[in-house]
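The values are calculated or read from the model by the stated rules, or taken from the named source; none is laboratory data. Quantities reported herein were computed from a predicted structural model and do not represent experimental measurements. Virtual Cβ from ideal backbone geometry, glycine too; neighbours counted across all protein chains shown.
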Amino acid sequence: MKRLIFTLVGIICTLQLSAQQFAFSTAEKLKETVNTEAEEINPRPSEDGSTLYFTRVFSKKNVGGQYAGQDIWYSPKAGNDWETAKNLKVLNNGDNNAVVGINHSGDKLYLINNYTAHSEREKGLVSTNKTDSRKGWSKFEQLPVLVQVPNDHYGFYLTPEEDVLIISMMGEESKGEEDLYVSLNKNGEWEQPRHLGSIVNSSGFEISPFLLDDKKTLFFSSNGMGGKGDADIFYTTRLDDTWTNWSTPQNAGGEINSSAFDAYLAVSSEGQAYFSSNRGLGLSNIYKTKMSIKQEDASPKEEEIVVEEPIEKKEEPIEVEEIKEETPVPLPTDLIVYFDFESDVLTSEAKRKLDGLIQSSANRNDFLLELEGHTDERGTQEYNMDLSRRRVQKVRDYLVNKNLKNSTISVSHKGENELVRTGKNSDDHKLNRRVELVFKRSN
């Protein structure tokens, strides 16, 4: 068909929106100096963009080994690239360690408090300062903010001035899974966390908060507001000083959100943003994007009217496509999902991992998936064997209900017979309460 195009000037102008709008460049995966076969999440750039801190999971080079916990890693900027990341060992202890805030000058880090003795530990934060000593960082100082949460699934963002703490947790007012709360520092006293309200929070989870320096623009990730897929990155603007009145959250768009899990967005002062996604096969990696303010055009817009007119059809030569032998697609990465004490209920973190697996293995029939259920050593052998059976069954049922073929899955349960850690503290027990997912090629 021949296309005849006429142009008319529209007489209706678009209205300016009250909340600031953002645009993002196409996301680019960071190089192998930062991303590995392990999982990289929670990127935290220093304000000047010279150093990137992040959390690495399932790495054999983590303190305590591959399954010990989450470690803090860092990479200095070298021109336009990042140097090979290093484990910040002085700040890691085999527990779940993560940076949740950085001061303006970049010489003070705020960390999840997994350092004090377990008998004295509260859910909260510690700080450490960069020094000229051999270790490079000062002794931890506990911040006087305590947060009571019912489980181990929580996250923080602390502003550089130590005056606003955004919390992701399942509190008493939560509408579903983790919701967003705020605690304000008033003259050295931290307020009780306040629920941010029903505009920001949904019946799903809201996690990985990040507040811009204006202390009004909040980025977070949610799986309860629709979007491109599993979890998307959104942003919203605080409209007054109540911290419960927000603009309708806006999806950050298809340049950074995918059909997989997208979260942990953080921005440096020059507008360079970093986030984590498992849009590849298996575990999450870190991506970068450039953030800018979107300018709304209020001028009249030109409208194109297209008229189709039949023309004589010409026969086109038939092209013969060369058939190339395809190389096998890599198998999804093996996973481990963990359970709470005496529980066979899938946590929100476990569901996120399984959803990512399902995304990466959709419409594939070239693998077999082996599930192994395990427990810690507390309880009788008979009880633990049954508990491990129930755990592995819950994982299998979740995958099948999400359309993973049952014929590709085999299950077994080992009770307490194959411990990965033999210690007696809560972290040792936590690592043993697991279901392992192992992929093998079927042909």
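Details
- Some residue of the range 92-110 being in a loop (DSSP other than H, G, I, E, B) and among the aromatic types (Phe, Trp, Tyr): no
- Just one residue in the set GLY176, GLY227 is crowded, with 20+ Cβ neighbours inside 10 Å and assigned to a loop (DSSP other than H, G, I, E, B); that residue is GLY227.
- Exactly one residue among SER183, SER174, SER119, SER168 is small (Gly, Ala, Ser), modelled with pLDDT under 90 and within 23 Å of PHE219 (Cβ to Cβ), and that residue is SER174.
- Residue in the range 190-204 that is within 17 Å of GLY101 (Cα to Cα), touching an Asp or Glu at 6+ places or on another chain (Cβ under 8 Å) and either of a type in the set (Phe, Trp, Tyr) or surrounded by 18 or more Cβ atoms within 10 Å (Cβ to Cβ) (or both) present: no
- Positions within the range 390-405 being touching a residue at least 24 places away in the same chain (Cβ under 8 Å), charged (D, E, K, R) and out of contact with any Asp or Glu (no Cβ under 9 Å at 6 or more places or on another chain), in sequence order: ARG396, LYS405
- Residue, surrounded by the fewest Cβ atoms within 10 Å (Cβ to Cβ), within the range 57-112, restricted to residues that are within 23 Å of TYR157 (Cβ to Cβ) and among the acidic types (Asp, Glu): ASP107
Yes or no, residue by residue, for (1) outside the structural domain of ASN403 (by TED's automatic domain parsing); (2) within 16 Å of SER284 (Cα to Cα); (3) part of a loop (DSSP other than H, G, I, E, B):
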| residue | (1), (2), (3) |
| --- | --- |
| VAL329 | yes, no, yes |
| GLU342 | no, no, yes |
| LYS353 | no, yes, no |
| GLU372 | no, no, no |
| SER388 | no, no, no |
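- Screening the candidates ASP397, ASP366 for the property of being touching a Pro at 6+ places or on another chain (Cβ under 8 Å), outside the structural domain of ALA260 (by TED's automatic domain parsing) and surrounded by fewer than 16 Cβ atoms within 10 Å (Cβ to Cβ) yields one hit, ASP366.
- If you go through the range 406-435 and pick out every residue that is out of contact with any helix residue (DSSP H, G or I) (no Cβ under 9 Å at 6 or more places or on another chain) and either part of a loop (DSSP other than H, G, I, E, B) or in contact (Cβ under 8 Å) with a residue 60 or more places away in the chain (or both), you end up with 7.
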